[in-house]
Each structure stands twice: as C-alpha cells, then as structure tokens.
Amino acid sequence: MTTPDLHLDTGVLALDAMPADEAPGALSHALSCESCSPELVGFRETAALLGSAAAEAPPASLRRSIMARIAVTPQLPPVTGRPATQVAPAKPDRDRAAPTPAATPAEVSATPAEVSATPPDSPTQPDSATPTESARPAAPSADTVIPLRRWYRRPSALVAAAVAALVIGGGSVVAVRAISGPAEQTAQTPEECVAQAPDREQLTPAKGQGTATYSQSCNAVLLDVTGLPAVPADKTYQLWAIANNQPRSLGELPDAAAGKPQVVTARPNAGETVLAITAEPAGGSPKPTTDILWQATLAS
Amino acid sequence: MPPPHSSGQPQPGSPRRPLTAVSDDPAAPRTPEDLLRLTALGQESAFEKLYDSFGARVFGLARRVVRDPSQAEEVAQEVFLEIWRRASRFDPAKGSGTAWIMTMTHARAVDRVRSAQAATNRDLKVAQASTEREIDTVVEAVESAFERKAVQRCLGTLTELQRESITLAYYSGYTYREVAELLTAPLPTIKTRLRDGLIRLRDCLGVAT
C-alpha cells in the first residue's frame, strides 16, 4: 500500500470498513498523520449523524433489561495520570461461547488493573475510538485482553441470575426508578416533556418544510426548521407565535439563518394558535416585516 | 390576545435571546457530555436520561446494520452497558458524546454482523422484523427526526457512487474490499469515494472540525 493510499484511509476507518488485517497499519498512520487525525474525528462525527438517522424506537423491554443490568455492573475508574490508554475492547460473540462463571470474581477484582495491564498501544488515540479500531485488529494481543473481555462479558447466566435476584427481591428496579422519577420531573425541560408526552402530535407545516411536534399538556412545541436556506449575515430568521393576528416574537433562529438545522422549543401562550417564521434584519424586529416563510397551526 | 403567562419560561421579553433546543433550567445537565460525566459518577438517573435520548439511535443503528431486531436489541444492550462501564473514559476533548456513543454502536453492530454466525442470519434478512412489540414510548426520536432529514438531504448531494459506497459500508457493514467487489470498482477508487463522500456529508451537515 502506498502512502497516498494511507491518507485516503480516514474515510474507511470512520465507517468501520477496514478489514481486520489492514486496520492496525491504517490506524497507526491515521493517528500519526497530522492532517488525518482531525479528519478522522470529523468523519466520526459525521458518521454519528448517519447513524442517528437510522433511529427507531426500541422495544420497551430493552430499558428494563439495561437498567437491571447496570444495577449489578461496576464501572471502570477514571484513567489518571496519563493519556487514555487502549483498554481492551469487548468482543461479545467469541467470549460468549464459553462462559466461565468461576472466573467472575477474579474478573471483578481485576477491574482496576486493566488500565495498567493493557499496553497503551496508541496513546494519541482517543479512548472513544476504542471500540472501532482496537477491537478487530486486537487479535495479536489477545492474551493481554482476555481477562478484561471476560470481565466485560460477564457470563450472561450469572448476570441473568443477578437480575432475577434483583427483581424477585422486591422490585428493586422499579424502586430505583420511582426514586429517580420525581427528580427528573422537576428537571424536565419542555423538550423532554414533549418528547415523552402521550398527547404529542406531529404538525405538518402549512408552509415550509420540517416538522413541528406539539404537546398541549406540556404547552410546548418542538420545531424542526431544517430546510430554511441560509440568509445573508445582515438577515436572520425570527420565530413568532400568533394569536388573532397579533404576533409575539419568540426570538431569532441563528442556526437556521446560517443554513444549519435548528430545533427550537416554543412555548405558546394561551390563544396563540399559529407559529410562523419570517426573515428579518439581523437583530430581529419587533413585528414581522416580511412574508411568512414557515408556518404551522397548533390544534385548536 | 390574552396576557402572556408568567410561567418562568424565557419569554418574548428577551427577543435577543437565541432560541436553542434547551435552555430553561441551567441546573439540569442534559448535553450528552454532561450526562456521560454524571454517569461516570455512578448516577443512574443520568444514565437513564442518556438512554432516553440515545436509545432510539443506538437501537435503530444496530438494527439497520444487523437487521435482526433481537440481535439489535442485544447489541444495544451491550452498547449501553459499555457506556455505563466506560463513561469515565469518555474524553470530551476527543470528540462529542454523540460520536462516542454512535461510534461504539456502529463498531459493535459491525462486529456482530461480520462474525460467522451473524453472516448466516444476515442473509435471512429476518422478515419477522415487524412482529408486534411493545415500543418504548419514553425513548423519543424527535431529535432524530431532524437529523434524519438533514442526513437525507445531504446524502442527496453526493454522487450516486459516493452514496452507494457509503451506504454499503456504513449501513450494511461491508468492508471497503467488499464494497469494491459489489460495485466492481478498484480498491483505491472506493477509498476515495468513501472519503470524498464523507467530506461532502460533513460539510453539508455542518459538522465542526
């Protein structure tokens, strides 16, 4: 492989599309190459958005099983004193084949040791990237990571037993959530409220693109005004709530004005049944001065 | 027009105040980075909030890659347990919390789909995908709706070949060699397409670099 090729590898790496046998070389180049490293970071952010676009509501059982499992899963201590080291990644499928319940206590106690026991094979690599790169190419150093993997991959039977104990032992899981519930209520933002509101409804804008999600019980609307074109620097977008043709400014939309996606939370007052966006001079206007570019009507 | 509420919400009186998605209660941390930090301190409520905002994305991406919903559920569970365990290792200087979580998710899903066993299942394309299941209504995809739209729009700005290559690599979990084979293109060409496509996507999506 030639050097120019290596410079092209950032895309392949960010998409997890590097075959295992090529990954170590490509990665070490990407991390040492001055232009590649930030590019890789930006590509990962980009890929994260690609991934987000695939969002799909999970089954309700997932939350329960995850919350039950974290209740019995210790956490790794922070790394101190030196850059994040390469911590052995988890390789679910392989270890799962041979669960070794007897090994678990040792694994538990071995947790703090994993940091120092694992060679910092790529000190400049953000720990965040660990699952991607280190996982597949890690085969040669498998010896050093087995304990951790095992620990991470606790034999599922054991975990299942612990979870069962937890649930049988008086609904502990539920209790935990009940305790945390009220606190979350008080800290809830309009955004969260809308996201969780049973009465939320999707409004189709009468004008313009994007979506609006309205919840009467939250008295809030979540607007997605993606699709508004960027405006010159001396202009901005301004959001209005309108009641009986009386517009009230809800503020500017700086991101949308810059041509970026913007989600806003609007809090309509009683009687305000229309949300609208206009283009205004930078700094905003006390009243709309141009035609409405985007408009959605709240359920009457 | 009735008099404005004095609900304690930021209101019209402050027109210069940019409207951003979150703003009302500074005491309530809610960026993914904040939630990861609190999760690292062992706060289950913070972790649960992370689940609420990322559950749909993690599960959805896993599902897109591994296809089988029950395997996707396993992957999502692994990812969240890893988030819980490794929250202390998240370093905000090295990228966003979202990227950390989604990178982890994708890597896990791809691991799964590339393992021999999954390879067989994958061909089955699991048609029982939409068997009735109880959906978690708390986990919300509202935030994702706009991302989805932006991503779709930006994918539309790619050349057909860039889009195909990226889709096969990212959503189907193929290696670039497999992509090259599927599209009967030389390996360097595929690498270039993936990179050029990502550059265009990155710029279109306004990802800060």
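The values are calculated or read from the model by the stated rules, or taken from the named source; none is laboratory data. Please read all numbers here as calculations on a predicted model, not as lab measurements. Methodologically, a virtual Cβ is constructed for each residue, glycine included, from the backbone with ideal geometry; neighbour enumeration extends over all protein chains shown.
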- Is at least one residue of the stretch B:142-154 in contact with a helix residue (DSSP H, G or I) (Cβ under 6 Å, 6 or more places away or on another chain) and more than 7 Å from chain A (Cβ to nearest Cβ)? yes
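Could you check the stretch B:64-76 and list, in sequence order, the residues that are buried (at least 24 other Cβ atoms within 10 Å of the Cβ) and more than 11 Å from B:Gly173 (Cβ to Cβ)?
B:Ala72, B:Val75, B:Ala76
Does A:Asp224 count as among the acidic types (Asp, Glu) and either over 24 Å from B:Asp203 (Cα atoms) or out of contact with any helix residue (DSSP H, G or I) (no Cβ under 9 Å at 6 or more places or on another chain) (or both)?
Taking the combined requirement at face value, the residue does not satisfy it.
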- Query: Is it true that some residue in the stretch B:169-183 is more than 23 Å from B:Met102 (Cβ to Cβ), surrounded by 18 or more Cβ atoms within 10 Å (Cβ to Cβ) and more than 7 Å from chain A (Cβ to nearest Cβ)?
  - Reply: yes
- Residue hits (the stretch A:19-75; part of a helix (DSSP H, G or I), within 7 Å of chain B (Cβ to nearest Cβ), within 24 Å of B:Ile166 (Cα to Cα) and not β-branched (Val, Ile, Thr)) are A:Pro38, A:Gly42, A:Phe43, A:Arg44, A:Glu45, A:Ala47, A:Ala48, A:Leu49, A:Leu50, A:Gly51, A:Ser52
- What are the pairs, 6+ residues apart or on separate chains, where a residue within the stretch A:212-231 that is over 30 Å from B:Thr157 (Cβ atoms) has its Cβ under 8 Å from a residue that is in a loop (DSSP other than H, G, I, E, B) and small (Gly, Ala, Ser)? A:Tyr214/A:Ala299; A:Ser215/A:Ala197; A:Gln216/A:Ala299; A:Ser217/A:Ala197; A:Cys218/A:Ala197; A:Asn219/B:Ser7
- Test result for B:Leu61, in a helix (DSSP H, G or I), surrounded by fewer than 24 Cβ atoms within 10 Å (Cβ to Cβ) and facing another protein chain (nearest Cβ under 7 Å): no
- Given the conditions (1) touching a Leu at 6+ places or on another chain (Cβ under 7 Å); (2) modelled with pLDDT under 95; (3) under 28 Å from A:Cys36 (Cβ atoms), and given that B:Ala169 satisfies all but one, which numbered condition is not satisfied? (2)
- Message: When the residues of the stretch A:250-287 are narrowed to those that are at pLDDT 85 or above and touching an Asp or Glu at 6+ places or on another chain (Cβ under 9 Å), which ends up farthest from A:Ala233 (Cα to Cα)?
- Response: A:Thr278
